[in-house]
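Working notes, structure below.
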Amino acid sequence: MKTALEQYDPQIHELIRQEEARESGSIRLIPSENYVSKAVMQASGSCLTNKYAEGYPNKRYYEGQQVTDLIEKTARERAKKLFKADHANVQPYSGSVANLAAYTALINPGDTIMGLSLPHGGHLTHGWKVSVTSRIFNSVQYMVSPDTGRFDYNQIEEAAKKYKPKIIISGATAYPREIDFEAFGQIAQNVGAYHVSDIAHIAGLVVAGIHQSPVPYADIVSTTTHKTLRGPRGGMLLCKAEHADKVDRAVFPGLQGGPHMHTLTAIAVAMAEADTPEFIAYAKQIVKNAKALAEKLLEYGFNLVSGGTDNHLILIDLRNKNVLGKKFAKALDRARIVSNYNTTPLDPAHPANPSGLRIGTPAITTRGMKEPEARQIAGFINKVVENIDNESVIEEVGKEVLLLCSHFPVPEHFIVPNNNNVSSEG
Ligand code: DSN
C-alpha cells in the first residue's frame with residue numbers, strides 16, 4: 001500500500017527516498033550531523049507541527065494548550081535533569097538564535113562580546129564579522145595558540161583584560177580538544193564579564209560525563225540538539241535560576257514567535273534517550289573512534305590541527321598534501337565519504353576554499369562502527385588524497401565504502417524500547 005506522501009506527492013517522496021539511500025550508502029563524517037532514532041523522527045513528524053503555542057506553559061497567548069504545556073514541561077524537566085541545570089528553555093529554533101538570545105538576555109546592543117575567531121574554530125555567531133552578532137555588539141575575538149592549535153588560557157585572559165568584554169563566549173565549532181570551562185568561568189569572573197558557553201558540538205559528550213560540563217561555570221549555556229546529542233534539529237538554553245526570566249523573555253518574545261512544538265516534542269524524546277547507559281556507551285565510542293581515526297591519519301602523514309583530538313572531531317590541515325579543502329571534500333563525496341572543507345588557524349587560503357577538512361565520528365558511531373572501521377575509513381581517506389585526480393580509484397573507494405555501509409545499517413532504535421518513557425516502537 002502506498003504511503004500518503006507517495007500517493008499525493010510522488011516527486012518529494014522519491015527525493016526523500018533518495019536522501020535516505022544517500023545517508024545509508026555513505027560514510028557521513030560531518031561532525032555536526034548524526035542519525036536520529038525512529039522515535040525522535042516520529043515525534044518530529046507528528047501532529048504537534050499543527051499547533052501554535054506562543055508563550056510558555058501556563059502562560060500562552062493561544063488556547064488549546066492542554067497537551068503542549070505537558071510536552072514542553074516534560075522537555076524542560078528532562079533537559080534540566082540531563083544537564084543538571086536550574087533552568088532550561090527548549091524553544092530556540094536553532095543554535096544561532098539560541099546564542100543571540102543568550103547575548104541579548106544579558107547585555108545591550110553596542111556592548112562588547114569576545115568569542116573565538118572563526119578560522120580558529122569559533123562559530124559565526126560568536127561575533128564573526130559577517131554575522132549580525134558583530135553588528136549588534138562590538139565584537140572582539142581570541143585565538144588558539146599558533147604553536148599548539150590549543151587554547152592558551154593566559155593569553156585569553158590577557159585579551160579579556162585588554163578588551164573588557166561584557167560577555168566571554170566559550171565553546172567552538174571546529175576545536176578538537178577538551179575545553180576547560182572552569183578556566184573560562186574564572187577569566188570571566190576576573191574581568192567582570194558574563195560567561196556564555198556554546199556546547200552545540202560536544203553536548204552529547206558533556207551529558208555522558210566525558211567532557212567537563214560548563215553548567216556550573218557559565219551564566220548561560222547554549223546548545224543545539226542534533227549533533228552529538230542526537231536529537232532533532234533545534235536549540236536549547238540552560239542557565240542559572242537568576243537568569244531564567246531574562247533568558248525566556250529573550251527567546252520569546254525577544255527573538256521568536258511560536259515555538260516549533262513538533263521539534264520540542266522530539267527534543268523531549270531525545271533527552272530521554274540521552275539519559276541512558278546506552279547513550280553514555282555511545283558517547284564514549286564517539287571519542288574512541290575519533291582517536292583511532294586521528295591516529296591512523298597521522299600514520300598516513302596527515303597534519304592534524306593540535307596534533308589529534310579529544311572529542312568527536314578532527315581538523316586536517318591539508319597544506320602538506322598539496323590539495324585544498326574544497327577539491328578534497330568533493331573527491332571524498334564522490335567516494336561516498338561526506339565531510340566539509342573548513343578553515344584552519346593561520347590558513348593562508350581564502351575561507352571559501354580553505355586548506356582544511358573537518359571530519360567527525362558521531363554518525364558512524366551511531367551506525368555501530370568501532371575503531372577497526374575508523375581505521376579503515378582513514379585508509380579510504382588516504383587513498384582518495386593520493387589519487388585525487390584518478391576517478392577510477394575514487395570510484396573503487398566508493399564501492400568499498402558501500403560494502404562497509406552494508407555491514408552497518410542505520411539503526412532505528414538506540415535504546416531498549418519503553419525504557420525511560422520513550423515511546424514504544426513495538
Ligand atoms: N553549522 C554547524 C556545524 O557544522 O558545526 C555549526 O552551527
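The values are calculated or read from the model by the stated rules, or taken from the named source; none is laboratory data. Please read all numbers here as calculations on a predicted model, not as lab measurements. Cβ: placed from backbone, ideal geometry, glycine included. Neighbour counts: every protein chain shown.
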Restricting to the stretch 219-260, name every residue that is more than 16 Å from the ligand (Cβ to nearest atom) and crowded, with 24+ Cβ neighbours inside 10 Å. Ile220, Leu238, Cys239, Val247, Ala250, Val251, Pro259
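Hey, does the stretch 27-46 have a residue that's at pLDDT 95 or above, in a strand (DSSP E or B) and within 16 Å of the ligand (Cβ to nearest atom)?
Step one: filter the stretch 27-46 for residues at pLDDT 95 or above, giving 27-46.
Cutting the leftovers down to in a strand (DSSP E or B) gives us 27-28.
Narrowing the set further to residues that are within 16 Å of the ligand (Cβ to nearest atom) leaves 28.
Yes, there is a match, as at least one residue in the stretch 27-46 is at pLDDT 95 or above, in a strand (DSSP E or B) and within 16 Å of the ligand (Cβ to nearest atom).
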Those residues of the stretch 322-356 which are within 22 Å of Gly25 (Cα to Cα) and outside any strand (DSSP E or B) amount to Lys326, Lys327, Phe328, Ala329, Lys330, Ala331, Leu332, Asp333, Arg334, Ala335, Arg336, Ser339
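So which residues in the stretch 161-188 are over 17 Å from the mean Cα position of the chain (by Cα) and buried (at least 22 other Cβ atoms within 10 Å of the Cβ)?
Pro165, Ile167, Ile168, Phe181, Phe184, Ile187, Ala188
If we only count strands (runs of 3 or more DSSP E) wholly inside the stretch 53-142, which ones have 2 or more residues that are farther than 21 Å from Leu238 by Cβ, away from the ligand (no atom under 16 Å from the Cβ) and not hydrophobic (A, V, I, L, M, F, W, C)?
Per the criteria, 138-142.
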Residue in the stretch 189-203 that is farthest from the ligand (Cβ to nearest atom), counting only those that are buried (at least 22 other Cβ atoms within 10 Å of the Cβ) and farther than 15 Å from Tyr217 by Cβ: Ala203
Can you report the number of residues in the stretch 145-188 which are under 21 Å from Gly95 (Cβ atoms), outside any loop (DSSP other than H, G, I, E, B) and away from the ligand (no atom under 16 Å from the Cβ)? 6
First in the stretch 204-215 and within 17 Å of Lys288 (Cα to Cα), second anywhere and among the acidic types (Asp, Glu) and surrounded by fewer than 24 Cβ atoms within 10 Å (Cβ to Cβ), Cβ under 6 Å, 6 or more apart: His211/Glu178
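Those residues that are over 20 Å from the mean Cα position of the chain (by Cα) and either within 16 Å of the ligand (Cβ to nearest atom) or without any contact (Cβ under 8 Å) to a residue 24 or more places away in the chain (or both), I need them from the stretch 318-331; list them, please. Walk me through how you get there before you give the answer.
Within the stretch 318-331, the subset over 20 Å from the mean Cα position of the chain (by Cα) is 318-328, 330-331.
Result: Asn320, Asn322, Gly325, Lys326, Lys330.
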Output the residues belonging to the stretch 189-221 that are part of a loop (DSSP other than H, G, I, E, B) and aromatic (Phe, Trp, Tyr). Tyr217
Reported set for the stretch 279-298 where residues are in contact (Cβ under 8 Å) with a residue 60 or more places away in the chain, more than 17 Å from the chain's Cα centre (by Cα) and surrounded by fewer than 16 Cβ atoms within 10 Å (Cβ to Cβ) is Lys288
It is to be established whether one or more residues within the stretch 362-371 are part of a loop (DSSP other than H, G, I, E, B), in contact (Cβ under 8 Å) with a residue 24 or more places away in the chain, buried (at least 22 other Cβ atoms within 10 Å of the Cβ) and polar (S, T, N, Q). no
Residue count, the stretch 152-172, condition within 18 Å of Gly127 (Cα to Cα) and touching a strand residue (DSSP E or B) at 6+ places or on another chain (Cβ under 8 Å), comes to 13
The lone condition Asp111 fails out of (1) surrounded by fewer than 21 Cβ atoms within 10 Å (Cβ to Cβ); (2) touching a helix residue (DSSP H, G or I) at 6+ places or on another chain (Cβ under 7 Å); (3) closer than 22 Å to Ala250 by Cβ is (2)
Check whether at least one residue in the stretch 282-302 is β-branched (Val, Ile, Thr), touching a Ser or Thr at 6+ places or on another chain (Cβ under 6 Å), over 12 Å from Arg358 (Cα atoms) and not in a loop (DSSP other than H, G, I, E, B), and report yes or no. yes
